[in-house]
Amino acid sequence: MRVFNIGIIGYGGFGKFLHHAWKPLENVRVVAIADKNMDALKVPDGVKAFNDWRALLLEKEIDAVAIVTEPSTHEEIAMACMEAGKHVLIEKPLAITLPAAERIVQTRDRTDKVAAIDFIMRFNPLLQTIQGFTQQEIFGKLRRVDVENYAQDEQLPPEHWFWDSERSGGILIEHAVHFIDLVHFFAPAKILKVNGLKHNRNPQQEDQIIANVLYEGGLIATHYHAFARPGFFEITRIKLAYDLADIELQGWIPLGGTLKALVDKKSKKVLQNCPFFQETDSSLIEDANDESRPKGWGISDQAGSIHKNTVRSGGLPYEVNEILTGNFRLKQSKQEVYADCVRASLSDLLKKIENPGHSLTASLETGLESLKVAVLATESARSTN
Ligand SMILES: NC(=O)c1ccc[n+]([C@@H]2O[C@H](COP(=O)([O-])OP(=O)(O)OC[C@H]3O[C@@H](n4cnc5c(N)ncnc54)[C@H](O)[C@@H]3O)[C@@H](O)[C@H]2O)c1
């Protein structure tokens, strides 16, 4: 087994979490950390520590570097890492502007290093299952994704870099890219149109923002993010509307959700084989009551003669047998799922280093694509105020 020596640049909240979560990985040794604020930090045993990240790059034993600094620094650090011969795992967002992100991609191509973005949601087993359902069109086509995220700002004082657009890019670029990428993961399609709206609490703090995205094929996604509430009210809902199902996932690291679906024998079997799914109710279509029209509502003879097992959705006919409801639930805690995801993300990068034929789950191109939406929506939101 090849053991990889890893350096971490940026040893703040998330850098420390990555180090902690990666400890069980037998093929990973974090050998060095760098942080401009190193003097104020406790250096873990057996790890070299640097104030200047450039010094970390001189360490020949380091194979790959995780870049976990604030977003505006990703470009310079990522490019220097690859120029120094290191593979890189870059935190989201890839960069805060599109030209900067493109320069990172060009540097990867020129240096031939392995580079990935840390889109951890792509490694969540529940989201991977939903992606499989979506790609196989188990519930027909995905028409709508609606992300609603009320985040706490109690740990984000006004002077935090998060509020400084020159350092973070703003909420959509710094944060929403995770969810924008999730839509691209579920149902990749050409971006046709993007716009946005925002609100500023004061001139320095843009605290509510929304992005609307239209994709080729008709999928419309909305991303609402507000950093404004106490932690008690922190909530994330990801609503997915398919031709034959509504799914609502809860949590920013989704651990569960609800489903209401029209199924045939094949899609029912797929659900029965899903280890995270538990059916709560079901009825045969002929016994089910469609309450969208009150009793006595006039219905044309033609419509009345349509067989109940044929439904039309999104203009398409579907044959279904049952309507059912149920819940998705992962068994692990949020902490365990989050840690599993960051381990899987690093392992994916290392797999690509060992086997160049391996296809990365979160390539830099995915980082570029989600950044494109975030940048366009942010520009649109800011231009309307
Ligand atoms: N993938 C995820 O789930 C996830 C979760 C949280 C944060 N993040 C990302 O991780 C990055 C860091 O976020 P955080 O919450 O840890 O921020 P943070 O402010 O807690 O930590 C950043 C650290 O980087 C250091 N730093 C900044 N500029 C530096 C430089 N030029 N040289 C050396 N050190 C420097 C700071 O001193 C600080 O210790 C951001 O890009 C953020 O979006 C990703």
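Here Leu244 meets each of (1) closer than 23 Å to Ala151 by Cβ; (2) touching a Leu at 6+ places or on another chain (Cβ under 7 Å) with one exception, condition (1).
Report whether or not Thr97 is polar (S, T, N, Q) and open to solvent by 10 Å² or more (accessible area, probe 1.4 Å).
yes
So that you can scan it fast, the table gives a plain yes or no per residue for (1) exposed (fewer than 15 other Cβ atoms within 10 Å of the Cβ); (2) within 29 Å of Trp163 (Cα to Cα):
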site: Phe14; (1), (2): no, yes
site: Phe17; (1), (2): no, yes
site: Pro24; (1), (2): yes, no
site: Asp35; (1), (2): no, yes
site: Phe50; (1), (2): no, yes
site: Glu59; (1), (2): no, no
site: Ala64; (1), (2): no, no
site: Ile67; (1), (2): no, yes
site: Glu75; (1), (2): no, yes
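Among the residues of region 158-177, those identified as more than 9 Å from the ligand (Cβ to nearest atom) and small (Gly, Ala, Ser) are Ser165, Gly169, Gly170, Ala176.
Residues that are more than 18 Å from Gly314 (Cβ to Cβ) and among the acidic types (Asp, Glu) within region 191-242 comprise Glu206, Asp207, Glu234, listed in sequence order. Those strands (runs of 3 or more DSSP E) of region 1-109 in which at least 1 residues are within 13 Å of the ligand (Cβ to nearest atom) and of a type in the set (Val, Ile, Thr), considering only elements entirely within it, cover 4-9, 28-34, 64-67, 87-90. Evaluating Lys268 against the criteria (1) open to solvent by less than 80 Å² (accessible area, probe 1.4 Å); (2) touching a Lys or Arg at 6+ places or on another chain (Cβ under 8 Å) leaves one unmet condition, (2). Among the residues of region 141-187, those that are open to solvent by 30 Å² or more (accessible area, probe 1.4 Å), within 30 Å of Ala245 (Cα to Cα) and in a strand (DSSP E or B) comprise Arg143, Arg144, Asp146, Glu148, Tyr150. Scanning region 320-346 for residues being β-branched (Val, Ile, Thr) and not in a helix (DSSP H, G or I) gives a total of 3.
Among the residues of region 325-338, just one is open to solvent by less than 10 Å² (accessible area, probe 1.4 Å) and within 16 Å of the chain's Cα centre (by Cα), namely Val337. Among strands (runs of 3 or more DSSP E) entirely within region 206-254, having at least 3 residues that are of a type in the set (Lys, Arg), within 13 Å of Lys141 (Cα to Cα) and open to solvent by less than 50 Å² (accessible area, probe 1.4 Å) singles out no element at all.
Checking region 222-234 against the condition returns a match, with at least one residue being among the aromatic types (Phe, Trp, Tyr) and either in contact with a helix residue (DSSP H, G or I) (Cβ under 6 Å, 6 or more places away or on another chain) or modelled with pLDDT under 95 (or both).
The values are calculated or read from the model by the stated rules, or taken from the named source; none is laboratory data. Model, not experiment: these values are computed from the prediction. Positions of Cβ are generated from backbone atoms using ideal geometry, with glycine treated the same way; all protein chains shown enter the neighbour counts. What goes into the accessible areas is simple: the full protein's heavy atoms, side chains included, and nothing from ligands, DNA or RNA. Shrake-Rupley method; radii C 1.70, N 1.55, O 1.52, S 1.80 Å.
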